[in-house]
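> Supplied in structure tokens, the structure appears directly below.
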Amino acid sequence: MGSFFSDNGDRNSLSSPPMKLRLVVCVLSLALSGVVSSLAADVMKGGPAKAAPLHKTFSLKTASFTLDFEVGDDGRLYQTPIGVTSADRKPQRIDEAYPQAGDGYIYEPAIQVVHADGNTSTALLFEGVTRTNEADGRELMRIQLRDPAYPFEVALCFRAQRDRDVVEQWTEICHQESGPVTLERMASASPAFSTNIFLTHFAGDWAKEMLSPITEQLTPGTKVLDSKIGMRAHQFGNPSFVLSLCGPPTENSGQVLAGSLAWSGSFALAFDHNGQRVRALCGVNPYASAYHLKPGETFVTPTMIWVWSGNGLGEMSRKFHAWARDFGIRDGHKTRSVLLNNWEATGFDFDFNRIVSLYDPAKEIGTELFLLDDGWFGNKYPRVNDHAGLGDWEPNRQRLPQGLAPLAAEANKHGLQFGIWIEPEMVNPKSELFDKHPDWVIRQPKRELELQRNQLTLDLTRPEVQTFEWQVISSTLGVPGISYAKWDCNRYLTQPGSSWLGPDRQSHLWIDYVHALYALMDKTAKAFPDTELMLCSGGGGRADYGALRYFHEFWPSDNTDPVARVAMQWDYSYFFPSMALAGHVTHWGKRPMHFACSVAMSARFGMDLDLVKLSAGDKAICAGAISAYKKIRDVTQLGDVYRLEPPHDAARGALNYVSPDRTRAVVFVFQLKDAEALPVHPQGLDPAKHYSVHELNPAPGRAALPQEGNALTGAELMQDGIVPCCAKAVEACVVELALTP
Ligand code: DGJ
């Protein structure tokens, strides 16, 4: 069987958005069109649509994961449920690979369509499967399905990385019907499982992102994790989860499958337990999002990233991180510099001299990059608080009379890179932009404007807004000396109305907004390839692989209390490598500086402190931490993570990173409650080799590490452990292990 499509190979990171509408001609084979029309005639006469029997089995395989498919005698495509052996079963409708609504399937469907003639049923029959070898050992498998009664096609696409046990999955839908087809539901992925499945997911809120991991056994009924906030995936729950077979997941054993949806809008992850199977339906949230697909257009769903491990969560995360460094984030093999942000130090209250006064101490303690946050713009309505000025992106003439360039130049003169905060999607009603273009905002007619943080969202589906936002981004990032930007987004959609989309396409807003956003992000990444980019969204609202492919890192949460960060960073680490998590030292929680620095050092290290006001003692601790971090950042940012002791409701948390060649490791112990200092057992070392033990940036006045300076074998270190020099709450210990010559 041939395939209707040839893959254009355009889904590499940065080369295209993860989801888009392709305005290409949907190629239906001429040979097929005869079949289609005669079958369509049958249907219209009331006859059933049946394909010629065609029995076939095939599999998607990675090193230790297999997904088996079977074409039934009825021509439909079935998938052997994960956790069920093929020998135990005969294909039945509950095992359809991509179940369709309206033609016999009675559970949660993967696809629900209203055809151009009003028919609300879809039947998909197997047409063919193709496999294409791609660069970097990846294989693209496309399974082509078609409706025998309509010129309507679905391609299930799987990009597998054999050695890594990673599969990227998405779906492409197109048709050549007489008018638009309405997509009511269109899952990216819909794998079926046996029923003995545990789900781990992460609830949250502002300042509590990823703070509540939940593991539960799935029981009959449909469990839905979703968001309906349009322009960011996360705030109340990340679009990532873990499914474990036969019991709750553990760190070093058991079969687990991580899933993460690469989508920065409303998402739905539904786990439908029908008594015999569990099906995971993952994709854009169908809520209020009916999509009218014109003939010849292709709807490409967002990508679902799957990572399989037969050895528990630790191996799963290491595989996920390796994939992320190669394909999920930008410059994933380049270490990040140490950043100083002025937000916690100055808030909106600064001018040229105040900012420049921070450069000397910034350089003195060893930071490498200065990030100027919110408050640098707005003239008629100066941005002196969050009530005004958003949208008016000219530097404020009183605060920065010469604009941004001299600030950046002065930073560069001090040997610091310079970064800038922007929030291009937003506008305050109190702004010149809103005065001029009140119709540019997303709002519902006849309803009172609902503000969040005193701001509204610009309607990015509108071409003038796209031009405006690009102009803001390109002129700001184009200022000489700027090499970093923090892209913020401090509200979400609550009144999803677009004056641009018109009455028939209001339901497109949720999806088209995210398309337009990705187009803008893509353009930014391409136009400024050397500018590092951070995603921020009222804290950690944009921690997803949809946006991350254009960015280097994300802001995990506005909550920078290091006690909270220990748990947050732990939970994010299931899916995201530490180099993608901005960890900044602040005074939140009023914790000891040594503890705050140690926690931030286990992520992408940064500071958000008023260095002018910092005590000499704290300054010395920060300087020591930065200098230590520079020596080990290649290990923490590029190495493999081993989570050792979970911090949730525990006396301490511990983890270690190991360099890819296993010559170096860094162990972090974070004491959360007073307790006896028991040994911590690192993992991932070479058992036969000797490693020297050295505590980095020891806390002033504390006894030295008992094993300081010893050379011990990896086996000894892993079995007997290292006794950390911390036993009291909010103490920490960071230990470097380096292969002895
Ligand atoms: C919210 C962010 O999370 C903060 O770090 C800061 O950038 C403010 N926005 C600025 O308005």
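The values are calculated or read from the model by the stated rules, or taken from the named source; none is laboratory data. Fair warning: this is a prediction, and the values are worked out from it, not measured in the lab. As a convention, Cβ positions derive from the backbone with ideal geometry for all residues, glycine included, and neighbour counts pool all protein chains shown.
> Answer yes or no: is there a residue in the stretch 164-171 that is surrounded by fewer than 22 Cβ atoms within 10 Å (Cβ to Cβ), more than 16 Å from S260 (Cβ to Cβ) and assigned by TED's automatic domain parsing to the domain that holds H321.
no
> Mind checking which residues of the stretch 545-569 are within 16 Å of the ligand (Cβ to nearest atom) and charged (D, E, K, R)?
Answer for the stretch 545-569, where residues must be within 16 Å of the ligand (Cβ to nearest atom) and charged (D, E, K, R): E553, D558, D561, R565.
> Name the residue, out of R702, R652, that is crowded, with 20+ Cβ neighbours inside 10 Å and at negative phi.
Working: R702 fails: crowded, with 20+ Cβ neighbours inside 10 Å.
Only one candidate qualifies: R652.
> Restricting attention to the stretch 315-354, report how many residues are more than 16 Å from the ligand (Cβ to nearest atom), surrounded by fewer than 23 Cβ atoms within 10 Å (Cβ to Cβ) and among the small types (G, A, S).
Qualifying residue count, the stretch 315-354: 3.
> Now for a different question. When you go through M44, M19 one by one, which is the residue that is outside the structural domain of E315 (by TED's automatic domain parsing) and modelled with pLDDT under 90? Break it down stepwise before answering.
Values: M44 fails: outside the structural domain of E315 (by TED's automatic domain parsing).
The match here is M19.
> Please find, within the stretch 388-399, the residue that is surrounded by the most Cβ atoms within 10 Å (Cβ to Cβ) out of those that are touching a residue at least 40 places away in the same chain (Cβ under 8 Å) and away from the ligand (no atom under 12 Å from the Cβ). Give the derivation first.
Start the filter on the stretch 388-399 by keeping residues that are touching a residue at least 40 places away in the same chain (Cβ under 8 Å), which leaves 388-393, 398-399.
Now drop any that are not away from the ligand (no atom under 12 Å from the Cβ), which leaves 388, 391-393, 398-399.
Working: A388: 20, G391: 31, D392: 23, W393: 22, Q398: 11, R399: 22.
That would be G391.
> For the structure I just gave you, tell me whether R633 is in contact (Cβ under 8 Å) with a residue 60 or more places away in the chain, under 25 Å from A738 (Cβ atoms) and either surrounded by fewer than 24 Cβ atoms within 10 Å (Cβ to Cβ) or hydroxyl-bearing (S, T, Y) (or both).
Numbers: in contact (Cβ under 8 Å) with a residue 60 or more places away in the chain: yes; under 25 Å from A738 (Cβ atoms): yes; either surrounded by fewer than 24 Cβ atoms within 10 Å (Cβ to Cβ) or hydroxyl-bearing (S, T, Y) (or both): yes.
So R633 passes the test.
> Report, by residue number, each residue of the stretch 202-226 that is closer than 30 Å to L145 by Cβ and either of a type in the set (G, A, S) or crowded, with 20+ Cβ neighbours inside 10 Å (or both).
Of all residues in the stretch 202-226, those closer than 30 Å to L145 by Cβ come to 218, 220-226.
Correct list: G221, L225.
> I've got another one for you. Within the stretch 433-447, identify whether any single residue is in the same structural domain as R354 (by TED's automatic domain parsing) and farther than 26 Å from G502 by Cβ, and answer yes or no.
Going residue by residue through the stretch 433-447, those that are in the same structural domain as R354 (by TED's automatic domain parsing) are 433-447.
From the residues that got through so far, the ones that are farther than 26 Å from G502 by Cβ too are none.
Taking every residue of the stretch 433-447 in turn, none turns out to be in the same structural domain as R354 (by TED's automatic domain parsing) and farther than 26 Å from G502 by Cβ.
> Still on this structure, I have one more. Pairs, please: C-beta under 8 Å, at least 6 apart or cross-chain, first residue without any contact (Cβ under 8 Å) to a residue 60 or more places away in the chain and in the stretch 421-435, second among the hydroxyl-bearing types (S, T, Y)?
Pairs that qualify, where the first residue is without any contact (Cβ under 8 Å) to a residue 60 or more places away in the chain and the partner is among the hydroxyl-bearing types (S, T, Y), are V427/T457; N428/Y381; K430/Y381; S431/Y381; E432/Y381.
> Residues that are more than 16 Å from the ligand (Cβ to nearest atom) and either under 30 Å from S190 (Cβ atoms) or buried (at least 21 other Cβ atoms within 10 Å of the Cβ) (or both): does the stretch 366-387 have at least one?
Start the filter on the stretch 366-387 by keeping residues that are more than 16 Å from the ligand (Cβ to nearest atom), which leaves 366-368, 379-380.
Next, from what is left, pick out any that are either under 30 Å from S190 (Cβ atoms) or buried (at least 21 other Cβ atoms within 10 Å of the Cβ) (or both): 367.
Yes; the residues of the stretch 366-387 include at least one that is more than 16 Å from the ligand (Cβ to nearest atom) and either under 30 Å from S190 (Cβ atoms) or buried (at least 21 other Cβ atoms within 10 Å of the Cβ) (or both).
> Looking at the stretch 557-603 only, could you name the residues that are in contact with a Gly (Cβ under 6 Å, 6 or more places away or on another chain) and of a type outside the set (A, V, I, L, M, F, W, C)?
Correct list: S557, D558, D561, H584.
> Taking interchain pairs and intrachain pairs at least six residues apart, which have beta carbon atoms under 6 angstrom, with the first residue in the stretch 366-378 and in contact (Cβ under 8 Å) with a residue 60 or more places away in the chain and assigned by TED's automatic domain parsing to the domain that holds D351 and the second assigned to a loop (DSSP other than H, G, I, E, B) and within 11 Å of the ligand (Cβ to nearest atom)?
D373/N342
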